[in-house]
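J.: Dropping the structure in here first, questions after.
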Amino acid sequence: MNKKICIVTGGAGFIGSNLVDALLSKGYKVFALDNLLTGNENNLREASKHPDFTFIKYDVINELPVLGPINYIYHLASPASVPDYQNYPEETALVNTVGTRALLKVAKAHGAKFLFTSTSEVYGDPKEHPQKETYWGNVNPNGVRACYDESKRFGEMMTMLYVRKFGVDARIARIFNTYGPKMRPDDGRVISNFVNQALKGEPITIYGDGKQTRSFCFVSDMVSGLISLMEKEQTKGEVVNLGNPEEYTMVDLATKIKTMTESASETAHKDLPADDPTQRKPDISKAKKLLGWAPVVPVDAGLKLTIAYYKAL
Ligand code: UDP
């Protein structure tokens, strides 16, 4: 039987590289594309020993080289942490707009299934809690996060346009906060910051009053959700939240991480970044019903694995 052939854009990134490993272990042939702007080839060290793996350093806003038959295109390429996309606002805006269109054209030409990774950021600072896929969001269209939020919204629109106009077999995952091994220690996200600060005995930086909430999904759960959304029947044109509804304030998260690392770190308060959402928690009833998927790794277990990963770096 011919092996399924997958493209993973952003394959050297945090979620992308974890997805590559999972697809290889399913027996698929995988091409990882990444321009290494915020991704890191070290994340692909294991994958690159595999005979069915190819890495191509490539910026997907350009036309793709001909790769032969393709079954699945996972489009994850984009800076995704707040400091990363604010350092690279134009690259972020382009990969989610021009890049998404370029890849949709490839999907159309090859009859490949396509998955666009959108984000909980499309809900902005949500007025509805928890957030369902039917909620249209509360986004600042020209603020400092707009390069990410608005380009992901554009990417969703373009994906649906290709479904409706050309019948492309595409779907959209809205990824909520995700953490775990291969997340860059200096990417500026809350869990990478808190764990590394706690391990070094440095002050744990809480932005604002720390009462804002987020809900954290371990990366293996995210990867299984993405694969399921790609492969399940009757997901064409569907928009699905993927995340873990376990919700924490940043103060509670800091306390938990401090305890788990047995750290003597103090906490330090810093200014709240502009347009920082006050609350976020996915409603995952659609993913449960459509995919039979729900996260299985509790936050305590996932944090333990993440702490061990950073300790070993
Ligand atoms: N945050 C914090 N300290 C940090 C980094 C982040 O208190 O060192 C807060 C940030 O203000 C936000 C939450 O943690 O309210 C999640 O931030 P992150 O950048 O991880 O993700 P996002 O804002 O995209 O959800």
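The values are calculated or read from the model by the stated rules, or taken from the named source; none is laboratory data. This structure is a prediction, so every number in the text was calculated from the model and none was measured. Note that each Cβ is placed from the backbone with ideal geometry, even for glycine, and that neighbours are counted across all protein chains shown.
J.: Being surrounded by 23 or more Cβ atoms within 10 Å (Cβ to Cβ), under 23 Å from Val66 (Cα atoms) and among the aliphatic types (A, V, I, L, M) is the filter here, so list the residues in the stretch 1-43 that pass it.
T.: Once the filter is applied, which keeps residues that are surrounded by 23 or more Cβ atoms within 10 Å (Cβ to Cβ), under 23 Å from Val66 (Cα atoms) and among the aliphatic types (A, V, I, L, M), the stretch 1-43 yields Ile7, Val8, Ala12, Leu19, Val20, Leu23, Val30, Ala32, Leu33.
J.: If we scan the stretch 137-147, do we find a residue that is assigned to a loop (DSSP other than H, G, I, E, B) and among the charged types (D, E, K, R)?
T.: Yes: one or more hits.
J.: Pairs needed: first member in the stretch 263-283, under 23 Å from Pro203 (Cα atoms); second member anywhere, charged (D, E, K, R) and not in a loop (DSSP other than H, G, I, E, B); C-beta distance under 7 Å; at least 6 residues apart or different chains.
T.: Going by the 7 Å Cβ cut-off, the qualifying pairs are Ser265/Lys258.
J.: Only residues that are more than 16 Å from the ligand (Cβ to nearest atom), over 16 Å from the mean Cα position of the chain (by Cα) and within 19 Å of Leu36 (Cα to Cα): list them for the stretch 66-87, please.
T.: none
Yes or no, residue by residue, for (1) at positive phi; (2) surrounded by fewer than 23 Cβ atoms within 10 Å (Cβ to Cβ); (3) in contact with a Lys or Arg (Cβ under 6 Å, 6 or more places away or on another chain):
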{"residue": "Pro185", "(1), (2), (3)": "no, yes, no"}
{"residue": "Gly201", "(1), (2), (3)": "yes, yes, no"}
{"residue": "Ser220", "(1), (2), (3)": "no, yes, no"}
{"residue": "Leu226", "(1), (2), (3)": "no, no, no"}
{"residue": "Leu242", "(1), (2), (3)": "no, no, no"}
{"residue": "Tyr248", "(1), (2), (3)": "no, yes, no"}
{"residue": "Asp252", "(1), (2), (3)": "no, yes, no"}
{"residue": "Met260", "(1), (2), (3)": "no, yes, no"}
{"residue": "Thr278", "(1), (2), (3)": "no, yes, no"}
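J.: Next question, about the same structure. For the condition out of contact with any helix residue (DSSP H, G or I) (no Cβ under 6 Å at 6 or more places or on another chain), within 16 Å of the ligand (Cβ to nearest atom) and farther than 16 Å from Phe176 by Cβ, what is the one hit in Glu63, Glu90, Glu150?
T.: Result of the check over Glu63, Glu90, Glu150: Glu150.
J.: Now for a separate question. Scan the stretch 189-204 and report the pairs whose first residue is at pLDDT 95 or above and whose second residue is within 10 Å of the ligand (Cβ to nearest atom) and of a type in the set (Phe, Trp, Tyr), with Cβ atoms within less than 6 Å and a gap of 6+ or a chain change.
T.: Filtered contacts from the stretch 189-204: Ile191/Tyr179; Ile204/Phe194.
J.: With assigned to a helix (DSSP H, G or I) and near the ligand (Cβ under 10 Å from one of its atoms) as the only criterion, which of Ser228, Ser192, Ser224, Ser220 stands out?
T.: Just one listed residue meets the conditions, Ser192.
J.: So which of Thr159, Thr205 ends up being on the phi < 0 side of the Ramachandran plot, of a type outside the set (Lys, Arg) and part of a helix (DSSP H, G or I)?
T.: Sole residue among the options that is on the phi < 0 side of the Ramachandran plot, of a type outside the set (Lys, Arg) and part of a helix (DSSP H, G or I): Thr159.
J.: In the stretch 247-279, which residue that is in a strand (DSSP E or B) and over 24 Å from His129 (Cα atoms) is nearest to the ligand (Cβ to nearest atom)?
T.: Selected residue: Lys270.
J.: Lys286 passes all but one of (1) more than 16 Å from the ligand (Cβ to nearest atom); (2) farther than 23 Å from Met157 by Cβ; (3) basic (Lys, Arg); which number fails?
T.: (2)
J.: Another question, then. Do we find a residue being at pLDDT 95 or above and under 25 Å from Thr97 (Cα atoms) anywhere in the stretch 44-53?
T.: no
J.: Within the stretch 60-118, can you find the residues that are surrounded by fewer than 21 Cβ atoms within 10 Å (Cβ to Cβ), part of a loop (DSSP other than H, G, I, E, B) and out of contact with any strand residue (DSSP E or B) (no Cβ under 7 Å at 6 or more places or on another chain)?
T.: Result: Ile61, Asn62, Glu63, Leu64, Pro65, Val66, Gly68, Ser81, Tyr88, Gly111.
J.: Continuing with this model, one more query. The conditions are (1) closer than 26 Å to Ala107 by Cα; (2) assigned to a helix (DSSP H, G or I); (3) of a type in the set (Gly, Ala, Ser), and Gly237 fails exactly one of them. Which is it?
T.: The one condition Gly237 does not meet is (2).
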